[in-house]
Each structure stands twice: as structure tokens, then as C-alpha cells.
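Heads up: the structure comes next, in C-alpha cells.
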Amino acid sequence: MKKMIARATRLIRSGQRLVHEAAIRLGLAGYRAPFIEVTGDWDDGYAVGEHDHYGSLCERPRYAVLYGYLGARDRPVSILDVGCGVGLFRRGLPDERVDRFVGIDPASVAVLEARKQAWARSEFHIGAVPDPGLGKFDVIVLNEVMYYSADVDDLLRRCDAVLNNNGWVLSSVTRHTGDFVLHRKLDEHFTPLDAVVMTSRTAYAKWRLALHAKRVTAAATVKTVFCAMCSALSGEPPTTLVVLGL
Ligand SMILES: C[S@@+](CC[C@H](N)C(=O)[O-])C[C@H]1O[C@@H](n2cnc3c(N)ncnc32)[C@H](O)[C@@H]1O
């Protein structure tokens, strides 16, 4: 009897999710960040090891895909890991791939733990969104973090602002109701290069790992060509652009 009730409850829940998802697709309901939690909860969770499971065996293939994409860069890169937690992404990253690594996370307990590891060329700061003061980056990692943001467009705009011209965005988004809204937003703000959908047989979880590139605007193309011409002719970057801070 208990089993039947549990199965019926699961069926009702998945029916509700399907209806909700259809409503979002039809524009009848908006996407709501499903897992928003206050920072204090994250700190408490990290303090008692509640989030250790992100480092578990079933999560490893997900990281492997992100490292695989990163391996396509032909030299060490500067990386910004938004919502870095205790630095699990940095932990599995070979030092030789890293030119500079910056992790940010609003949970101070996680940031302090990451700092203890003293990984090469790596720094960790308390913060939820990219701060232009941290500099520009070749790669931004959004690893299971987008659905905690109350304003994803704002987050992606801020990421774009600190992404170098040939920069990449690596993302991982677990399957949840309306997740396609996040995939769409990534495609709107950046150029999609590839995506992989992965299912774990043990965690009964599904993730979408994606690789996006900075959108090349006409102005950026003109600037690149102009800079290349100036450098070729005088060996110097064009002073007008430098003065204008472009
Ligand atoms: C699911 S964990 C992922 C951690 C890490 N990226 C990883 O893969 O191990 C989400 C992380 O996002 C952080 N976080 C929560 N809300 C956030 C927000 N609004 N902006 C940025 N990070 C946030 C949490 O503190 C937590 O460390």
C-alpha cells in the first residue's frame, strides 16, 4: 500500500511538473529560479558538509566534459568560476592549463575552504556576480549556479562584460522544470558552440553541459582588424583605442 501511495505521489508530481513546463513554454507561466536559497543556508550547509556530494563519483563525468571543452584551448587560460563553492572545479584542473584562476562564491565558509588549498595561480573571493575589478577572463565557468540567480540576464551580461573577445562560457545545468529558459538565455547572450546531455544511472540526474563563445559584434571585428593593422604598421596598439579604453 505504501509503495502504491509513493508511486501515485511521484506520478502526480511529475504530472504537475509537465503542466508547469508546458505553461512556461506557452508563456502562461514565468520561469522561477527553483532552488534560490539565502546565503546563510549555503554557509550552514558547507559548515556541516551538506554539499560534499558535489564531489561524489556520479558528478565526475560532468566535470570531465567541462575539462574536455577546456582542453580545446591551445594555451593556459584565465578562468572565472562563478559560484565556485569549495573549489571542486579547480581541484580537478591540471595546473598547466591555468594562467590565472579566480573563484567567487557568496558562501564565505566555502571560499575560506577553497583558499586553504593554495592552488597555483588561484584566488577565491566572496561574491555572487563578476566584479569588473577582478579583470577580464578567457573562460567563465557557470557550474550548477545559474538557477540560483534571481536575475539570470543580469548575471550573463556581467559575465559578458568580463569575458575576453575570444572568450568561452562553460556551463552545467541540472534538469529542472523550465531549464530550457536558461539554455535559451545562454544562447541569446553568447554563441552556442556545443552541448552535451548526460544522464547518471546512479544519481537519477540529468545535466546539460554547454560551451558558448563570446558573441563577435561588428564593432569588435572592426576593432580587431584595426588593431592588427596598426600593430603590423607601427608595432604599437592604436593610441586612440587605448585612450578611449576600448
Ligand atoms: C550547486 S553549488 C555548485 C558549486 C560548484 N560550482 C561546484 O560545481 O562544485 C552552487 C554554488 O553556488 C553558490 N551560490 C548560491 N547562490 C548564488 C548566487 N546567487 N550567485 C552565485 N553563486 C551562488 C552557492 O554558495 C554554491 O557554492
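The values are calculated or read from the model by the stated rules, or taken from the named source; none is laboratory data. Keep in mind that what you see is a predicted model, and the values were worked out from it rather than measured. When we count neighbours, we look across all protein chains shown, and the Cβ atoms used for this are built from the backbone with ideal geometry, even at glycine.
In region 190-221, how many are within 16 Å of the ligand (Cβ to nearest atom) and touching a His at 6+ places or on another chain (Cβ under 9 Å)?
3
Kindly provide the set of residues from region 136-165 that are assigned to a loop (DSSP other than H, G, I, E, B), farther than 22 Å from Arg60 by Cβ and not polar (S, T, N, Q), ordered by number.
Within region 136-165, Lys136, Ala150, Asp151, Val162 qualify.
Determine if region 63-83 includes at least one residue that is touching a residue at least 12 places away in the same chain (Cβ under 8 Å), over 15 Å from the mean Cα position of the chain (by Cα) and within 9 Å of the ligand (Cβ to nearest atom).
no
Any residue at all in region 180-190 that's free of Cβ contacts under 8 Å to residues at least 60 places away in the same chain, out of contact with any Phe, Trp or Tyr (no Cβ under 6 Å at 6 or more places or on another chain) and not in a helix (DSSP H, G or I)?
Yes, region 180-190 has at least one match.
Of the conditions (1) modelled with pLDDT of 95 or more; (2) out of contact with any Lys or Arg (no Cβ under 8 Å at 6 or more places or on another chain), Val152 fails just one. Which one is it?
Of the numbered conditions (1) modelled with pLDDT of 95 or more; (2) out of contact with any Lys or Arg (no Cβ under 8 Å at 6 or more places or on another chain), the odd one out for Val152 is (2).
If you scan region 110-124, which residues turn out to be buried (at least 19 other Cβ atoms within 10 Å of the Cβ) and farther than 12 Å from Leu80 by Cβ?
Scanning region 110-124 gives Ala110, Val111, Ala114.
Have a look at Gly85, Gly133, Gly103 and point out the one that is assigned to a loop (DSSP other than H, G, I, E, B) and not assigned by TED's automatic domain parsing to the domain that holds Arg25.
Residue meeting the stated conditions: Gly85.
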